[in-house]
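Encoded as structure tokens, the structure appears first; notes follow it.
Where a number appears in this text, it was derived from the coordinates with a stated rule and is not lab data. All figures in this text were calculated on a predicted structure; none of them were measured in a lab. Cβ placement follows ideal geometry from the backbone for every residue including glycine, while neighbour counts extend to all protein chains displayed.
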Protein chains: 4
Amino acid sequence: MKPVCLVIGAGAGIGGTVGAKFASEGYHAVLCRRSDKDGLDRLVEGIKTAGGEATGLLLNAIEDDAIENAVTHVEQNIGPIEVVIYNLGAQIGDRPLEDTSYKAFEMGWRLATFGLFRLAKTVCPLMAERGSGKIIVTSATAAVRGNKGQHSHAAAMGGRRMLCQTLNAQYAPQGIHVTHILVDGAVDAPDTLGKMLGPELFQKLRETRGAEDGLLIPAQMAETYYHVATQHRSAWTHELDLRAYSDVAWWNHA
Amino acid sequence: MKPVCLVIGAGAGIGGTVGAKFASEGYHAVLCRRSDKDGLDRLVEGIKTAGGEATGLLLNAIEDDAIENAVTHVEQNIGPIEVVIYNLGAQIGDRPLEDTSYKAFEMGWRLATFGLFRLAKTVCPLMAERGSGKIIVTSATAAVRGNKGQHSHAAAMGGRRMLCQTLNAQYAPQGIHVTHILVDGAVDAPDTLGKMLGPELFQKLRETRGAEDGLLIPAQMAETYYHVATQHRSAWTHELDLRAYSDVAWWNHA
Amino acid sequence: MKPVCLVIGAGAGIGGTVGAKFASEGYHAVLCRRSDKDGLDRLVEGIKTAGGEATGLLLNAIEDDAIENAVTHVEQNIGPIEVVIYNLGAQIGDRPLEDTSYKAFEMGWRLATFGLFRLAKTVCPLMAERGSGKIIVTSATAAVRGNKGQHSHAAAMGGRRMLCQTLNAQYAPQGIHVTHILVDGAVDAPDTLGKMLGPELFQKLRETRGAEDGLLIPAQMAETYYHVATQHRSAWTHELDLRAYSDVAWWNHA
Amino acid sequence: MKPVCLVIGAGAGIGGTVGAKFASEGYHAVLCRRSDKDGLDRLVEGIKTAGGEATGLLLNAIEDDAIENAVTHVEQNIGPIEVVIYNLGAQIGDRPLEDTSYKAFEMGWRLATFGLFRLAKTVCPLMAERGSGKIIVTSATAAVRGNKGQHSHAAAMGGRRMLCQTLNAQYAPQGIHVTHILVDGAVDAPDTLGKMLGPELFQKLRETRGAEDGLLIPAQMAETYYHVATQHRSAWTHELDLRAYSDVAWWNHA
């Protein structure tokens, strides 16, 4: 029985690509996403065609028990979860305070912060009992600085980052490794950035940023996700950043 | 009509003391707290006896409309809110993940993060229309590092800090000044620390930390709260820290 | 005998203005600068005319023993140094690596980092023996992020900030308060910014940034310098930032 | 001709081990250290015995032209430098200010900050002309917080970190990737930690911290050094941390 890599938030960008990478390295990839069963099936088929194992699950992560039940289901029916990729985004575009509703603010927290807490509550005891486990969290620049228009996103991601720290503080000595990956740039992901911008702007951005690698390419990011999962417990990374060479780090001026 | 200093979270520690300071400087202090009407009345009377103006409001900040109605009530019946002290804490003591319930995690967010968002949604448009206003936010070390046992508190405070940044980013150019005060140490406050520790441990801590000033003394902290409220708009502080001389900064080893 | 406020780097901007503020509050201001005796005399006369006490010293801070001798001289002939304003800048404008000489890089370190170390070595033992003292350090955004073209400045200021932390870590319990003031914006200072830009560009910037208060105004900054010097030892600030309301915080996009 | 991995500071710990890793992946490892020719020869022989290519150079990095000449020599006689591991430490143990001489403070800067600047001045133009290159910098917790007794070390490392940022800011768009690796814990390195502690304390620490992997193991760290060198330019890491699972992150209490 292969160990499981559970991906919460598996679109055609980071989530699905990282899942495929882990599948190619011998994991059973369990891909969870909210909608688009066809897209999910394509991801699963792609992995199987390449000789890997994969399962797709449609679930709405913010619904009661959705994450919890997925974890239980996978552990009972597929295999022990060795790696979780927590990849739920909460970016809703730039919105001034007056256009950010209570509901939107709460939704950001439910996706980015509370969902990770629920996952950790469910999976950490299992991992701790086995003495090992990895939780790799996709995060955003908004976790470390709050820009104008990012009220919901920044508050949610700031909470997410602190939660990654508290989880490591409690669980690293028990063999659970949490990595906070600060994605500091636009990702070449049609399911998220592509939808937010629309096809024309998205294509234009791809061209502007240097043809093939001015944006963060998910398949390349996946190498780093996989690397941190293979780090020996004597040398773990808790926090790292990723950006394209042609981009400017968040701490520099734009 | 005096300008109003609205204090959300006005116990006998930081909140009440800062309110009294502003009252002594010519503000009408509106003190809001959840319970202990007697304690609240004593704070209000203390301010009046000293020649200041004050009003007490009992309100449960996490209830729907509580903060919003308080703002509206004050603006209509007392005076324009020039300063808000957002002083709701969310510390629930050190609790491992297994003892941190979903409810406790959400409560932390409601108090520390969402409450500030609701306040900002309500008061920022009023302040922006007047072209000036100050929101001074009491924060905690947990806003910048997540210790073991601080899952709820750190996630909530991390979100709070990012929200302060997004608010400044949008509203500073319109004359609204948000200051994030990182309280990096134990406060000599009977209503919070005293209750958490119990009278004996609290007294012992006071003695250990150097008799009169090893803990953060609210009346002294109030001087800095007041100072940032008086900063000229050409030289605003967005973030500062406070700790006792005898304490160790959070970034140093304990 | 009045306590002394020693200003290392006292031009017509922050240094001289902060010195004048302390003089107006009862300190003997000792103003040190490298050149322009006429300008220095004007600052001293201005303070005296306003009823304060002041002395001017010309010294080249990076010369051997210059800072050390100044401290000794002041302690022996003027009075005990209660406050030091360490205000030597090291900004040399944006220079790519190829245009940043070894000498320029070392000069940055000598001014921004090593000079503060030499000052601390000399004055901290005196302050520690008296059980109190304040060192207020003007710092820059470059202390927390390294922009293109800031190789010398950022390396020097990054070192300066860490040194402020180590000094507090050792000396705060002995009553010495070090404050790192991150000046995050252009200062309305003819001696530094004015010289760097030239009169025309400088005037244009003043107009663009909002007439009277789009730039950091030294007299307003001085209020915060003075405030931290008056903080009670139960509530000290180690780090704070200053910027104009109309400016963008360094962590936000420009 | 193999590409070169130049290691500045190649003892039996991180430096030599990372060099051996790169040699095993097809690089010619050029190992530079100040002294102990026998130890250096053993490292070189070890690499050759394993089938790799290596050269040893004895040089005193703080001497004028030592780094510069090494770069030139390697480029002319061995091959193009594709990767530099800048691994010079500057830890001198905990020393209060009164025991930290001007010379020790300057030495820290020369090793940790100025040496990296000199290296960058020499090698970046070569790498920029080739459109690619990697500079991987071993750094320390002291780069982000200044503890008591770390006056020299923290000031030097704080400067080093900012310099890594300025170098990326200028050169990343030209294909040069600088990574700042924050080594946040004790390394199982007999040449540095072993010498500082002495054999008995060193052995005791190894036992206390969990026998085989409570300390950072250089061979495991080397995997991460190598990984960042292989990152595709669409997904580069500028900063990451490393610590043992059993250790506490610097931002948490000790």
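For a 30 Å ceiling on Cα separation, which of these pairs sit above it: C:Lys103/D:Lys103; B:Lys21/C:Lys204; A:Lys148/C:Lys195; B:Lys21/C:Lys134; B:Lys37/B:Lys121?
Over 30 Å apart, Cα to Cα: B:Lys21/C:Lys204; A:Lys148/C:Lys195.
If you take the charge dipole of chain D about its Cα centre, with +1 on Lys and Arg Cβ and -1 on Asp and Glu Cβ, which of D:Ala90, D:Pro3, D:Met157 is farthest toward its positive end?
About the Cα centre, the residue reaching furthest to the positive side is D:Met157.
When a/c reaches 1.5 or more, the comparison of a/b and b/c decides; with that in mind, is region A:17-133 rounded, prolate or oblate per its Cα gyration tensor?
The shape class here is oblate.
Which one of B:Pro173, B:Tyr245, B:Pro199 has its Cα pushed farthest toward the positive end of the charge dipole of chain B, where Lys and Arg give +1 and Asp and Glu give -1 at the Cβ?
B:Pro173
For A:Glu223 and D:Leu58, FRET efficiency with R0 = 35 Å and r from the beta-carbon atoms, rounded to 0.05? Mind showing how you got there, number by number?
On the way: r = 37 Å, r/R0 = 1.04.
About 0.45, to the nearest 0.05.
Let a ≥ b ≥ c be the square roots of the eigenvalues of the Cα gyration tensor of chain A; is it rounded (a/c under 1.5), or, if not, prolate (a/b larger than b/c) or oblate?
Verdict is rounded for chain A.
Can you give me the Cα centroid spacing of region D:56-106 and region A:222-254 in angstrom?
27
So if I place +1 on the C-beta of Lys and Arg and -1 on the C-beta of Asp and Glu, and nothing else carries charge, what would the dipole magnitude of region C:86-180 be about its Cα centre? I want it in debye, nearest 20.
Its charge dipole is roughly 160 debye.
Compute the FRET efficiency between D:His232 and A:Ser24 as 1/(1 + (r/R0)^6), taking r as their Cβ-Cβ distance and R0 = 25 Å, and round to the nearest 0.05.
After rounding to 0.05, the efficiency reads 0.90.
Can you bin every Cα-Cα distance in the protein assembly as shown into 20 Å intervals starting at zero and give me the percent of pairs per bin, rounded to whole numbers?
13, 44, 36, 7, 0
First check a/c for region D:23-65, with a ≥ b ≥ c the square roots of the eigenvalues of its C-alpha gyration tensor; if it is under 1.5, answer rounded, and if not, answer prolate when a/b is larger than b/c or oblate otherwise.
oblate
Just A:Tyr226, A:Tyr86, A:Tyr27 to compare: in a GNM of chain A, with alpha carbon springs under 10 Å, which one fluctuates most?
A:Tyr226
For chain B, what is the mean residue ellipticity at 222 nm derived from helices alone (per DSSP H run of n ≥ 4: -39500 (n - 2.57); sum divided by total residues; nearest 500 deg cm²/dmol)?
Taking each H run of at least 4 residues, the total per residue is -13000 deg cm²/dmol.
Compute a Gaussian network model of chain D, connecting alpha carbons closer than 10 Å, and tell me which residue from D:Ala222, D:Ala104, D:Ala140 fluctuates the most.
Result: D:Ala104 has the largest fluctuation of those listed.
Report the residue, chosen from A:His153, A:His180, A:His232, that carries the largest GNM mean-square fluctuation when chain A is represented by alpha-carbon nodes joined by springs under 10 Å.
Highest fluctuation of the listed residues: A:His232.
Relative contact order of region B:126-176, please, whole-number percent, based on alpha carbon pairs below 8 angstrom and at least 6 residues apart.
49
Please report how far the C-alpha centroid of region B:33-47 lies from that of region B:146-221, rounded to the nearest whole angstrom.
21
Enumerate by residue number the GluC sites (Glu not before Pro) in region C:55-88 meeting two conditions: DSSP loop (anything except H, G, I, E, B), and at most 13 other Cβ atoms within 10 Å of the site's Cβ.
C:Glu63
Explain nothing, just the number: relative contact order of chain D, from Cα pairs under 8 Å at least 6 residues apart, as a whole percent.
19
Which net charge results when you count Lys and Arg as +1 and Asp and Glu as -1 among the other residues whose beta-carbon is under 14 Å from that of A:Glu200?
After counting each charged neighbour, the total is +2.
Can you work out the FRET efficiency for the pair B:Thr208 and D:Ser35, with r the C-beta to C-beta distance and R0 = 51 Å, to the nearest 0.05?
For R0 = 51 Å, the calculated efficiency reads 0.55.
So how far apart, in nm, are the two label points at C:Leu201 and B:Thr72 if each is 7 Å from Cα heading toward Cβ?
The modelled label-to-label distance comes out at 5.3 nm.
Along Cα→Cβ, 7 Å out, is where each label goes; now give me the distance between the ones at A:Arg95 and D:Arg42 in nm to one decimal.
6.4
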